[in-house]
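The values are calculated or read from the model by the stated rules, or taken from the named source; none is laboratory data. Keep in mind the model is a prediction, meaning the values are calculated, not measured. FYI the Cβ positions are ideal-geometry reconstructions off the backbone, even for glycines, and counts take in every protein chain you see. Just so you know, the surface numbers come from the protein's heavy atoms only, side chains and all, with ligands and any DNA or RNA stripped out. Shrake-Rupley method; radii C 1.70, N 1.55, O 1.52, S 1.80 Å.
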Amino acid sequence: DPGNHAPRHHLLTCAGKMDDAMETLPEGRDFEGARRAALGAISIGGAFAAFRVGAFFVVNGYPRIPNLANGVPYPNIGLSDVQFGDRATFRARVFYPASTSAGPVAPYLHDGVRTSAGMARLVRFPAFLLQHLAAASSGCTADAPVSTDPARAGFDNGFPVLVYSHGMGGNADMGSYLFRHMASLGIVVVAVEHTDGSASRTETIDENGDSKTLLFGCFPEKTRAQRLIIRARELLEVHKVITSPVGPSMLEDGWQRAIDTSSVFVGGHSYGGPAALVAAVARSNPTFQGCILHDPAWSPMDSAAIKADIKVPVLQVMGDQYVRIKSLMQQAQYVNNNAVRGSGVYHLKGASHGNFVDAALWAPLFIMQTLGAIGIPAAGPLDPTDAHIELARSALTFVKQSQITKDSDEMSVNGVQVSLITSPRLEQVL
């Protein structure tokens, strides 16, 4: 693997190949052709080495931990890595308001270079192009004590919880900075890493107690509908653990008093959007209080899995690309029309598909926006941190709007009128 060697080694290897070629040259006219071939090998190796060195300096220092919005109620964020499941396990990362920042900083990637290599493999990049993510910081304190002051954010009964489903080829890590913004506003986020073969890489313990590594595409025989069912079951399992009478025992003491078990929402990005909604409508009595969907990658076949009567409010936020795709907007309209009062579809102007996760922050912005300009949706013209702040604020507003009495005709929290989602960057389209 050339990604594991220093540039100088590449040059020495190529030079060695030229020496070998020179030693075995036939006499006559073949000498010039062999010399050119050997020099060509040096040129290719040198170009690769130069590219790697250049890439290293370009991404050096990235991703930079984005600043939280001014005046957030919880500037200290905790991060815990947990396991769910009784027979077979799946992983999740929990982002939450913390009472202190004292302690070790949690890494950006749960499994370091193993995760970054899986992400690179998915998009057919050399491993070194994403290896810098393995050394990055999440900006969160590992296993910090949870805050015991939810009232600071206006939550009298504890923090609301958002159980979040990643997109196709995603993982529980790549939205860390977005979830950090949400936690700073008082929303506990449980980012699930799915075992349906759609994660870039994950680890599980199967029913026999054996540890397994699952790479993207490891279950090619599974249909989209089957994957959605697996994902929905995992989201529902998280809900069961969180709302169990003994509380979320997979986390440190204090969690049972800190969260509001009657205010658990489900959400997702891209392919995680349909998965979240399937989980929300899986039972006749709604399990989740609402859905928050970011750039949901709807398919016409999803209508069969989603009941016409969606008994919870659904917030859908679309970026510049998806809001222009007719089939996606038709499905978004179907969901919006069949969801309860308080739903809506919004366009986050200037956002690309990658702005709904952390991709736009992985390298200098001009590079990521250039990729967006040539059709790779890594980053739109909207500043990545501003995009995350808008998504966090819209989620907070939606959660508070959803915490209304069922008999009320007004959007209110504790009798106080709550404004609809309003922002110059968020345009309601449905």
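Some observations on this one:
- Among the residues making up segment 139-171, a single one is surrounded by fewer than 23 Cβ atoms within 10 Å (Cβ to Cβ), among the polar types (S, T, N, Q) and closer than 25 Å to Cys291 by Cα: Asn157.
- If the condition is being buried (at least 21 other Cβ atoms within 10 Å of the Cβ) and not β-branched (Val, Ile, Thr), then segment 111-127 contributes Ser116, Ala117, Gly118, Met119.
- Gly103 in a loop (DSSP other than H, G, I, E, B), at positive phi and open to solvent by 10 Å² or more (accessible area, probe 1.4 Å): yes
- Scanning segment 261-315 for residues that are surrounded by fewer than 24 Cβ atoms within 10 Å (Cβ to Cβ), of a type in the set (D, E, K, R) and either without any contact (Cβ under 8 Å) to a residue 24 or more places away in the chain or in a loop (DSSP other than H, G, I, E, B) (or both) yields Arg283, Lys307, Asp309, Lys311.
- Check on Met174, in contact (Cβ under 8 Å) with a residue 40 or more places away in the chain, open to solvent by 60 Å² or more (accessible area, probe 1.4 Å) and not hydroxyl-bearing (Ser, Thr, Tyr): no
- Screening Ala135 with (1) more than 23 Å from Leu162 (Cβ to Cβ); (2) in contact with a Phe, Trp or Tyr (Cβ under 9 Å, 6 or more places away or on another chain); (3) buried (at least 17 other Cβ atoms within 10 Å of the Cβ) gives one miss only, at (3).
- Filter result (farther than 26 Å from Val189 by Cα and of a type in the set (Phe, Trp, Tyr)) within segment 282-334: Tyr334
- Count - residues of segment 324-377 that are assigned to a helix (DSSP H, G or I) and either over 30 Å from Tyr108 (Cα atoms) or in contact with a helix residue (DSSP H, G or I) (Cβ under 6 Å, 6 or more places away or on another chain) (or both): 19
- Residues that are open to solvent by less than 70 Å² (accessible area, probe 1.4 Å) and of a type in the set (S, T, N, Q), drawn from segment 64-92: Asn76, Ser80, Thr89
- All positions within segment 322-332 that are within 21 Å of Gly350 (Cα to Cα) and surrounded by 14 or more Cβ atoms within 10 Å (Cβ to Cβ): Tyr322, Val323, Ile325, Leu328, Met329, Ala332
- Scope segment 86-100; condition over 18 Å from Ser138 (Cβ atoms) and either modelled with pLDDT of 95 or more or part of a strand (DSSP E or B) (or both); matching residues: Phe90
- Here the condition is being hydroxyl-bearing (Ser, Thr, Tyr) and modelled with pLDDT under 90; of Ser249, Ser211, Ser270, Ser262, it holds for Ser249 alone.
- Tally, over segment 186-229, of residues that are open to solvent by less than 10 Å² (accessible area, probe 1.4 Å) and not hydrophobic (A, V, I, L, M, F, W, C): 8
- Flag for Leu371 being of a type in the set (A, V, I, L, M, F, W, C), open to solvent by 20 Å² or more (accessible area, probe 1.4 Å), more than 20 Å from Pro97 (Cα to Cα) and at pLDDT 50 or above: yes
- Among residues of segment 206-218 that are over 15 Å from Gly118 (Cα atoms), those with a Cβ under 8 angstrom from a residue that is part of a loop (DSSP other than H, G, I, E, B) and open to solvent by less than 80 Å² (accessible area, probe 1.4 Å), sequence gap 6+ or separate chain, pair up as Asp206/Ala88; Glu207/Ala88.
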